[in-house]
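Step one of this worksheet: look at the structure below.
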Amino acid sequence: MKILHLARDEKFVPLLQRLFEEALPGAHHWLIAQSVRSGASFVQPAPGVTFRKEWLFRTPWIARDVRDADVIVAHSMTTIFANAIRHAPAAARVAWIGWGYDYYPLLTPLLGDSILPATRALCGTPPKDARGGGGFAAWWRGALRKRERRSPMALTTVASRLHTFCVMPTEVELLRQALPALRGTPHELPLFTAEDVFERGPAAMAGPDILLGNSATASNNHADALELLRGRIGDGHLIVPLSYGDSRYGAQVAALGRQCFGDRFEPLQQWMPIDAYNERIGSCGFVVMNHRRQQAVGNIGAALYKGATVYLRRENPLYPFYCGLGIALRPMEALAQGSGPLQPLTAEERARNRALIGAHYARERVLQAIRELPALQS
């Protein structure tokens, strides 16, 4: 059996390569999409890896790369991967592993706007020093990538070809409502393991600091969270990762945060190696994720595993998912109640969270989930 993986040169892919190879040795070939100007960044050249420029994925010639596949695994769904699937043999079974950005445009009519009022207002008036930059070439490259990633049409064109789809269990019915042509079998498949991801860095996240959000994207709803955190950070600092995403929006958040919290607001605007980042957030005993949509799954899982007290919005599909596992969470609404510093979970709740997260994302459980992918079953 030949399993062909469609993926971009992303930081999560090397771990997925190792997991799939360990689960099903010798069956895999990875077809990696690269932008015109980039070389290999995360995925390294190897006998089982073929690099193709994005433009070629958009042409009928991509059929030559997919014609021998028994199974195709799409790691996210974009228009270029959808085109490759349309040119694959009719008998090839297709599995799609959702990454969030590729299907949330379809869920927005069901979940509502992902951006809350204060953040919407912040986005409406960019600061002067955050406008422009990069020239026409940079703008054009960014526009092409955004169009590629945000288009929900990719899924709609290949929904009927999907034998299996992998999203959060609490998103399955939402996705079926949004995409009636989707008849595939749902299958939960985590993109990481506790051993490979959650155990990196300090053994615990403990201390007075608060980690807010995971990126410089408006769906973090930073401005609304900052309003709720006024007078609640005690002796700690507010640590806000802003090195990934929209730099203009990140500059707006940094300016607002300094205005509200002064030197207790610490934006992380420069890229940091993962080990250095984990060390920096080790003092964050509290994690506030104000998303209305599923996002930052790895960050949240690591925080729960390391004993942090995590705040999520109830309408976020992650909230019922974690509650279904028995995880102790705090709802964002709790920040609007009472006053004074945030209160941590009990020692018993933190220990239980670690055990439950560790079991759900255990490496052997993830390997078994790969082996049991319905698309791999003849």
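Can you say whether VAL49 is at pLDDT 95 or above and within 23 Å of GLU364 (Cα to Cα), as far as the supplied structure shows? For VAL49, the condition - at pLDDT 95 or above and within 23 Å of GLU364 (Cα to Cα) - is not met.
Within the stretch 211-228, can one find any residue that is over 12 Å from ARG264 (Cα atoms), touching a residue at least 12 places away in the same chain (Cβ under 8 Å) and β-branched (Val, Ile, Thr)? Scanning the stretch 211-228, I find at least one residue that is over 12 Å from ARG264 (Cα atoms), touching a residue at least 12 places away in the same chain (Cβ under 8 Å) and β-branched (Val, Ile, Thr), so the answer is yes.
Determine whether the stretch 205-218 contains at least one residue that is open to solvent by 50 Å² or more (accessible area, probe 1.4 Å), over 16 Å from the mean Cα position of the chain (by Cα) and within 25 Å of TYR305 (Cβ to Cβ). Within the stretch 205-218, one or more residues are open to solvent by 50 Å² or more (accessible area, probe 1.4 Å), over 16 Å from the mean Cα position of the chain (by Cα) and within 25 Å of TYR305 (Cβ to Cβ).
Is there a residue being in contact with a His (Cβ under 9 Å, 6 or more places away or on another chain), farther than 24 Å from LEU116 by Cα and touching a residue at least 24 places away in the same chain (Cβ under 8 Å) anywhere in the stretch 357-370? Taking every residue of the stretch 357-370 in turn, at least one turns out to be in contact with a His (Cβ under 9 Å, 6 or more places away or on another chain), farther than 24 Å from LEU116 by Cα and touching a residue at least 24 places away in the same chain (Cβ under 8 Å). Each residue in the stretch 180-193 was checked for being open to solvent by less than 50 Å² (accessible area, probe 1.4 Å) and either among the polar types (S, T, N, Q) or within 21 Å of the chain's Cα centre (by Cα) (or both), and 7 of them qualify.
Is it true that GLY201 is crowded, with 18+ Cβ neighbours inside 10 Å, in contact (Cβ under 8 Å) with a residue 12 or more places away in the chain and in contact with a His (Cβ under 8 Å, 6 or more places away or on another chain)?
Judged against the criteria, GLY201 is not a match.
Restricting LEU106, LEU155 to residues that are at pLDDT 90 or above, in contact with a Phe, Trp or Tyr (Cβ under 8 Å, 6 or more places away or on another chain) and closer than 25 Å to GLU10 by Cα narrows the list to LEU155. Could you list, in sequence order, the residues of the stretch 310-331 that are over 20 Å from the mean Cα position of the chain (by Cα) and closer than 22 Å to ARG230 by Cβ? ARG330, PRO331 - these are the residues of the stretch 310-331 that are over 20 Å from the mean Cα position of the chain (by Cα) and closer than 22 Å to ARG230 by Cβ. Might you check whether a residue that is closer than 30 Å to LEU175 by Cα and among the acidic types (Asp, Glu) occurs anywhere in the stretch 327-337? The answer is yes; a qualifying residue exists.
The values are calculated or read from the model by the stated rules, or taken from the named source; none is laboratory data. Computed from a prediction, not measured in an experiment: that's the story for all the values here. Every residue, glycine among them, receives a Cβ derived from its backbone with ideal geometry; neighbour counts consider all protein chains shown. The protein model used for the area step is the full one, side chains on, heavy atoms only, and it has no ligands, DNA or RNA in it. Shrake-Rupley method; radii C 1.70, N 1.55, O 1.52, S 1.80 Å.
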